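Beneath this line is the structure, given in structure tokens, with notes to follow.
The values are calculated or read from the model by the stated rules, or taken from the named source; none is laboratory data. In this text, all values refer to a predicted model and were calculated from it rather than measured experimentally. FYI the Cβ positions are ideal-geometry reconstructions off the backbone, even for glycines, and counts take in every protein chain you see.
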Amino acid sequence: MTDRPYHHGDLRAALLAGAERALAARGPAALSLRELAREAGVSHAAPSRHFRDKRALLDALALSGFERLTAQLTAAAAAPGDTRSGLLAMARVYVAFALRNAALLDLMYSRKHDPESSEELTAAVERLLDTMMGIITEGQRTGEIAAGDPSVIAFTMAATLHGFASLNSTTAPEEADALLPGVIDVLATGLLPR
């Protein structure tokens with residue numbers, strides 16, 4: 001047995017970064033706490049201080065993904081401009097994140113739907129939807145978005161962007177980005193003739 005240190009400067013962050021790389025390269029089934037410990041240069045027992053098992057690691061990885069995506073969406077929504085500009089900025093952030101982090105996004109939503117997902121993960125998903133609802137309720141207040149349940153509108157926007165990203169997973173990011181203004185126009189004006 002080799003001598004490996006138990007301590008690490010920021011083992012939790014190193015394990016999460018390693019897990020995200022491994023997830024992108026090999027998928028969630030191939031993730032191993034023991035392998036991540038080896039890559040981090042610590043004993044195989046060291047990760048247990050941060051993650052009791054692989055499921056806890058996957059939950060933490062999904063949570064980190066939702067937090068990063070929500071922070072980026074919040075920044076996009078805060079950019080100056082009208083509601084349509086804000087919606088387009090948020091759409092661009094969501095799709096870019098999805099295209100860059102396809103395996104992570106899949107994990108985020110699979111963990112979200114797991115009946116044993118943590119309250120912390122459920123709250124992170126709610127924060128993401130609240131971010132989308134914020135721009136919608138502001139648009140309703142200014143008359144730029146029709147009245148209606150903002151949660152339904154936010155859910156529709158999130159589902160549209162998620163589906164768009166899935167359907168364009170092999171499309172070049174700049175090609176997908178070029179399509180987004182039209183997608184936002186359809187969302188903003190609806191499908192019925194005016």
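Figures for the structure shown
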item	result
3 or more residues in the same structural domain as residue 140 (by TED's automatic domain parsing) and more than 30 Å from residue 141 (Cβ to Cβ): qualifying helices (runs of 4 or more DSSP H) within region 1-83	54-77
Count of residues meeting criterion [crowded, with 16+ Cβ neighbours inside 10 Å and under 19 Å from residue 150 (Cβ atoms)] in region 94-123	1
Options 58, 33, 63: the member that is in contact (Cβ under 8 Å) with a residue 60 or more places away in the chain and in contact with a Lys or Arg (Cβ under 9 Å, 6 or more places away or on another chain)	63
Search result, residues across region 150-184 that are under 19 Å from residue 86 (Cβ atoms), without any contact (Cβ under 8 Å) to a residue 40 or more places away in the chain and not hydrophobic (A, V, I, L, M, F, W, C)	150, 151, 156, 160, 182
Cross-chain or 6+ apart pairs with Cβ under 6 Å, region 68-87 first and surrounded by 14 or more Cβ atoms within 10 Å (Cβ to Cβ), then hydroxyl-bearing (Ser, Thr, Tyr)	70/131; 73/131; 74/131
Options 65, 18, 81; residue that is under 22 Å from the mean Cα position of the chain (by Cα) and at pLDDT below 95	18
